[in-house]
Amino acid sequence: MSQPLSKEAVSAITAAVDTAFENEIAFLQEIVRAKSLRGEEAGVQRIVADALRSRDYDVETYPVDVAALRSHPAYSPATIDYKDTFNVSGRKTPAANGRSLILNAHVDVVPSANPASWTHPPFAAVRDGDWLFGRGAGDMKAGLAANLFAVDAIEAAGFSLQGPLEFQSVIDEEVTGNGTAAAILRGATADAVLIPEPTDEDVIYANSGVIKFQIAVQGVPAHPREPESGLSAIEAAFLVINELKALEARWNEEKTGHPGFDGLRNPASLNIGTINGGEWQSSIPFECTFEGRIGFYPGDAPQDRMASLEDMLKTLGARDPRLEKANPKLEWTGTCQAGYLLPEGSDAENTLADAHRITSGTALNRSIMACYLDAALYMNHCGIPALTYGPLTKNIHGIDECVNLPSLKRVTKTIALFTAAWCGITPK
């Protein structure tokens with residue numbers, strides 16, 4: 001069990017967060033301005049590594065080795081080779097025997113869509129009142145800043161951790177999760193993991209399993225003067241998408257057998273994210289390719305859900321004669337991982353709840369996210385309690401993504417108090 005922190009320690013640590021908060025915001029702006037799309041994370045990772053070195057962490061950088069990772073169950077199919085990017089690990093390993101902790105965050109961000117649609121340029125990191133705008137500000141560079149400055153606050157308050165701490169800054173969470181998978185392959189382990197994704201100050205106790213795919217369908221090219229002699233691959237793609245929507249509906253009907261998920265409107269959540277088809281505006285298109293994802297429930301093996309989708313594609317022609325010539329080709333192109341459940345009442349969650357209560361004055365709420373989270377890899381492949389808990393945000397993956405700064409300050413205090421109570425502290 002965690003040892004309660006003294007009132008004096010709580011006061012000193014939270015005051016240290018207050019004192020350094022403008023510096024935390026400035027650091028967050030710096031890393032938001034370091035544009036870090038998939039495969040382009042090296043710049044921001046160098047900033048993080050330098051920040052850790054200046055704080056006397058033992059710092060290592062290492063690549064994601066697909067060949068070594070491919071046989072590990074935490075691996076998901078990659079479509080890049082990661083040659084120009086890397087993970088960062090910073091360790092503090094005191095001689096005392098407190099409990100160990102991993103503070104994990106990802107630095108990759110999703111594309112910004114049309115920058116002209118943003119109120120502020122997506123990588124300008126503009127502060128406007130209580131909000132900081134920018135792609136990745138909420139998902140999840142604010143969480144990374146909170147991790148860093150939470151540990152800073154413990155040390156600035158005059159304490160040292162008694163248990164080992166690893167600060168992980170990982171890549172490619174948004175597509176595969178292979179950054180965290182690579183950390184696990186290297187032997188990363190701890191008594192608990194905290195990942196400050198944008199959760200509106202809830203702790204996430206379950207997430208959906210997710211499989212991501214690319215499907216190419218074919219048509220029969222023809223001149224538009226005789227379209228009946230051909231088959232439009234673009235129209236065929238939409239027919240296949242309709243079948244995927246029917247699959248989504250069937251999987252959503254299963255939610256009644258999964259407590260918590262039964263209260264979600266769309267736990268399976270099919271999304272078609274890209275589509276590209278056709279060769280010439282005056283020809284019936286021959287090929288169309290689209291990418292997407294679909295979710296399922298904790299306890300379900302991703303391989304079983306993948307097989308169900310494959311079987312659906314094999315029988316398309318029997319259900320719709322228009323698709324007899326579509327010849328769909330499926331490729332798995334990202335996360336293929338199970339969901340997880342964090343049992344209520346763990347010591348890790350109770351410790352976080354105590355810290356949250358101190359900083360917010362309210363009980364810690366538990367909720368579900370119908371999406372992929374790196375916490376699933378630690379829960380499912382390592383058996384480590386993984387806490388997903390972070391600040392209030394708006395428009396993540398959307399236009400005008402932003403993080404609420406008062407919430408970020410509270411979360412930083414909560415992570416600091418949680419870390420101090422979990423690992424144990426001693427006066428310097």
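Points worth noting:
- Descending by average beta-carbon neighbour count within 10 Å, the peptides 413-426, 281-294 line up as 413-426, 281-294, the highest first.
- Taking the average, over residues, of other Cβ atoms within 10 Å as the packing measure, peptides 129-136, 48-55, 360-367 rank 129-136, 48-55, 360-367 from highest down.
- Three-way shape call for segment 84-142 based on the alpha-carbon gyration tensor, with the a/c threshold at 1.5: prolate
- Positive contributions from Lys and Arg (+1) and negative ones from Asp and Glu (-1), summed over other residues with Cβ under 11 Å from the Cβ of Ala15, come out at -1.
- Order of exposure, largest accessible area first, which applies to Ile275, Ile384 with probe 1.4 Å: Ile275, Ile384
- Near Thr79, once Lys and Arg are set to +1 and Asp and Glu to -1 for all other residues with Cβ below 12 Å from its Cβ, the sum equals -2.
- Measuring with a 1.4 angstrom probe and ignoring ligands and nucleic acids, Cys371 comes out at about 40 Å² accessible.
- Folded to 0 to 90 degrees: helix 233-253 orientation relative to the chain principal axis, Cα: 50 degrees
- Each Lys or Arg adds one and each Asp or Glu takes one away; over the other residues whose Cβ falls under 13 Å from the Cβ of Arg99, this sums to -3.
- Per residue, segment 209-320 exposes an accessible area of 51 Å² to a 1.4 Å probe, with every protein chain left in place.
- Overall, the anisotropy analysis places the chain in the prolate class: the square-rooted eigenvalues a ≥ b ≥ c of its C-alpha gyration tensor yield a/c not less than 1.5, with a/b exceeding b/c.
- Point-to-point label distance, Thr274-Asp56, nm (Cα→Cβ direction, 7 Å offset): 4.6 nm
- Spatially proximal lysines relative to Lys394 (Cα-Cα < 18 Å; intrachain offsets below 8 disregarded): Lys141, Lys409
- Ile215 contributes an accessible area of around 0 Å² to the protein surface, as traced by a 1.4 Å probe with all chains present.
- Accessible surface of segment 217-338, 1.4 Å probe, proportion on carbon and sulfur as whole %: 49 percent
- Rounded if a/c under 1.5, otherwise prolate or oblate - segment 9-84, Cα gyration tensor axes: prolate
- For segment 412-427 versus segment 230-268, the inter-centroid distance based on Cα atoms is 43 Å.
- FRET efficiency, 1/(1 + (r/R0)^6) with R0 22 Å, evaluated for Ala249 and Glu324 via beta carbons: 0.40
- In a DSSP loop and with at most 16 other Cβ atoms within 10 Å, the GluC sites (Glu not before Pro) in segment 251-286 are Glu279.
- Ordering of 80-92, 255-267, 389-401 by packing is 389-401, 80-92, 255-267, highest average first (other Cβ atoms within 10 Å, averaged per residue).
- In degrees, nearest ten, helix 42-53 long axis to first principal axis of the chain (Cα): 10 degrees
- Helical contribution to [θ] at 222 nm, DSSP H n ≥ 4, -39,500 (n - 2.57), averaged over the chain, rounded to 500: -11000 deg cm²/dmol
The values are calculated or read from the model by the stated rules, or taken from the named source; none is laboratory data. Every value quoted in this text rests on a predicted model; they were computed, and no experiment measured them. Positions of Cβ are backbone-derived with ideal geometry, glycine not excepted, and every protein chain shown enters the neighbour counts. With ligands, DNA and RNA removed, areas are computed over all heavy atoms of the protein, side chains included. Shrake-Rupley method; radii C 1.70, N 1.55, O 1.52, S 1.80 Å.
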